1. Give me the three principal axis extents of the chain from the C-alpha atoms, as integers in angstrom, largest value leading.
2. Mind giving me the FRET efficiency for E24 and F74? R0 is 25 Å, r the Cβ-Cβ distance, nearest 0.05 is fine.
3. How much net charge surrounds P20 when only other residues with a Cβ under 12 Å from its Cβ are counted (Lys, Arg +1; Asp, Glu -1)?
4. Could you compute how much accessible surface T66 exposes when probed at 1.4 Å, giving the result in Å² to the nearest 10?
5. Name the most mobile residue of V78, V49, V19, meaning the one with the largest mean-square fluctuation, in a Gaussian network model of the chain with Cα contacts below 10 Å.
6. Of all beta bridges DSSP finds with both residues in the chain, what is the antiparallel percent, to the nearest 5?
7. Could you tell me which of L84, F74, V5 has its Cα farthest along the dipole of the chain towards the positive end, charges placed at Cβ (Lys, Arg +1; Asp, Glu -1), taken about the Cα centre?
8. Counting only protein heavy atoms, what percent of the accessible surface of the chain is carbon or sulfur at a 1.4 Å probe?
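The values are calculated or read from the model by the stated rules, or taken from the named source; none is laboratory data. Small disclaimer: the values here were computed from a predicted structure and weren't measured. Cβ: placed from backbone, ideal geometry, glycine included. Neighbour counts: every protein chain shown. Surface areas here come from the heavy atoms of the whole protein model, side chains and all, with no ligands, DNA or RNA. Shrake-Rupley method; radii C 1.70, N 1.55, O 1.52, S 1.80 Å.
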Amino acid sequence: DYSRVNRVTLEIGRLSCVVPESMEMCFDAVTRGTMAEGAELRIEMIPGVAECRECGAVVEIEDRITPCPECGKFGLRVKAGDVLRIKEMEVD
């Protein structure tokens, strides 16, 4: 059994619609009174990556409505960067 969470590392994708600053502001409030109260929060940003359905290019993107930087067409298929997950927790 664990008695305390010392650190939480989150992976936040640039396409996840999660605002890292908001997560940081809310972390203390949502962990208050739990084993994670006072824990350090680390956030790792994951870039958005998509594949163009037209030309097949795999490109890094900042949002879901971006056209392909290679061919200019729309219809990119997201391959990475749309998740929010706990990567690791350090516990006692």
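1. 53, 24, 13
2. Numbers: r = 33 Å, r/R0 = 1.33.
After rounding, the FRET efficiency stands at 0.15.
3. -2
4. 40 Å²
5. Checking each option, the largest mean-square fluctuation is seen for V19.
6. The antiparallel proportion sits near 70 percent.
7. Farthest towards the positive end: F74.
8. 49 percent
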